[in-house]
1. Please compute the net charge surrounding residue B:64, taking Lys and Arg as +1 and Asp and Glu as -1 over other residues with Cβ under 13 Å from its Cβ.
2. Sort B:84, A:148 so the one with the fewest other Cβ atoms within 10 Å of its own Cβ comes first.
3. Under the definition of partner shielding as Cβ atoms of other protein chains within 10 Å of a residue Cβ, what is the mean value for peptide A:220-229?
4. Using the charge dipole of segment B:106-215 (Lys, Arg: +1 at Cβ; Asp, Glu: -1 at Cβ; taken about the Cα centre), state which of B:200, B:212, B:143 has its Cα farthest towards the positive end.
5. Please give the helix A:137-163 orientation as an angle from the longest Cα principal axis of chain A, in degrees from 0 to 90, rounded to the nearest 10.
6. Scanning chain B for helices, which whole DSSP H stretches are 27 Å or more long along the axis (Cα) and average -0.5 or more by Kyte-Doolittle?
7. Averaged across orientations, what area in nm² does the convex hull of the alpha carbons in chain A project?
8. Using DSSP to call loops (not H, G, I, E or B), can you name the trypsin sites (Lys or Arg not before Pro) in segment A:148-248 whose Cβ has at most 15 other Cβ atoms within 10 angstrom?
Amino acid sequence: MTAPVLFDIPGPKARARIRIGTVIGSVLILGLIAVVLIRLAANGQLEGQRWAVLFDPRTGVPQTLGRALVNTLQVAAVGMVAATIVGLLLAVGRLSDHRAVRWLVGAYIEFFRAIPLLVVIFALYFLLPKYGVELTAYQALTGGLVLYNSAVLAEIFRAGILSIDKGQSEAAYGIGMRKSQVMTLILLPQATRRMLPVLIAQLVVLLKDSSLGFIIGYFELLRGARSLVEFFSVSFGNTYTFQLYVAAALIYIVINVMLSQLARYVEKRTRRNKKAAAVGALDMPLDVQMESAAKP
Amino acid sequence: MQFLIDNFSLLWDAFLTTLGLSALAGLLAIVLGTLLAAARVGPIPPLRGLATFYVEVFRNTPLTVVFFFLIFGLPQIDIILGFYTGAVLSLGLYTAAFVCEAVRSGINSVAAGQAEASRAIGLTFGQSLREVVLPQAFRTVVPPLGNVIIAMVKNSSIAAGFAISELSSLLPRLVNADAGQLTAILLGVVIGYMLITLPLAFVVHRVERRVAILR
């Protein structure tokens, strides 16, 4: 937050009021935390032994969660790399001089951005087999992620390419480069650098979306936690249910917060970089979920 | 085609479920998100911290996990929501974080002179936010807010994994139909979503043009 313009530098009276507000706010928050803790304790959810199971290799919990996490990361990594490559091609196609190519690519992008990702995944998983193409849950999930994210990334790259100062491509044409050379040697490298923070932010979205694999039964983090719950419930009932769900959620949050911080750091660096300064205003597609992108 | 007509009532019910889910969750998200944004720019540190924490947590948690927690996790501490309430709450709470970010970016985009002027004529924080800053902020955030809501409508498909019979859930439910029939259903589902998102995008565009401030 910048210097507060919405309220005055508080005087003695206002300071007293803010202190009261602070106390009331703190009491409320602490009260909320206390209620939650009491509820948890009343159900015995805070017993150390219930949490210890998460770290005890003899129970197989760390191994299973680890395997599930690797599956999640694998889907995210493969999906991101493939989506980036397809997205780059689509962005170039969207800026093509040929109207037919532009139109086709535009239709692809608009279509996949308009329908829910889960519908795409369902279509790959349930509909394609009817036409003789059997996909595993992994393939359907990755395929859906690539189809959707390549469309989003194409818009990101397009915005990046368009934001490069016109003089860059004019100069390149001026020294006799061909269209493909201007694109690959001049525009794309600069656009990619400019778009790096947004790409990382999109990786967070992709990682989050990989949890949709749960719904079609791919063994990712959430499904891993669920299968452990089902395994334990045979002999222990719901003793470890809550702990396992908390563990899965925390793993997601930690990874994604780290990625978000990385995106913020890279963005700050990019902004300081003078080489990347020869660019116009950035007109981001609006469904990119990035804090800085929303700022004017 | 006959299959689609036979199953029209199924498709229509699913469409209404998606619509109702989105409307309720959207309302919750906009109200809660605005309150969060006000807390984030406000003078009281604990509320600021709480709102920031809320946004960070929900933005970095997959929506599926939020669903999961509210529907399967909370019963472990004796809070039983039921599938529909759980779905509305999950979708609303998750989207509120994004609404908060959109509104906050709008508040930041209001020229500092506006806030300074309203302070100079003696308005309090609440008054200047209500009377001066937020009305202008909402105008500039119409497009991003509209996109957050459209994304939410698409996200409501996740409820399919949690026993809500909304549009997307028709695909796994009718999976035993033959290829042509399932394709028809897919088409119906896609059209169903577009019947919500396209008019929404149109309205957002109209409102944006109507309320835009020329600077």
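1. Working: positive: A:208, A:223, A:226; negative: A:209, A:220.
Local charge sum for residue B:64: +1.
2. Working: B:84 16, A:148 25.
By the 10 Å Cβ count, ascending: B:84, A:148.
3. Numbers: counts 2, 3, 6, 0, 0, 3, 2, 0, 0, 1.
Mean partner-chain Cβ count within 10 Å for A:220-229: 2.
4. Sorting the options by dipole projection puts first B:212.
5. 50 degrees
6. Numbers: long enough: B:8-41 (48 Å, 1.74); B:83-109 (39 Å, 0.91); B:179-211 (47 Å, 1.28).
Span-like helices, by this rule, are B:8-41, B:83-109, B:179-211.
7. On the way: hull surface 90.6 nm².
Mean projected area of the Cα convex hull: 22.7 nm².
8. Numbers: sites: A:158, A:166, A:178, A:179, A:193, A:194, A:208, A:223, A:226; in loops: A:178.
Within segment A:148-248, the qualifying trypsin sites (Lys or Arg not before Pro) (loop, at most 15 other Cβ atoms within 10 Å) are A:178.
FYI, it's all coordinate maths here, none of it is from the lab. From a predicted model like this one, the values you see are computed outputs, not experimental measurements. With ideal geometry, Cβ positions are generated from the backbone for all residues, glycine too; neighbour counts draw on all protein chains shown.
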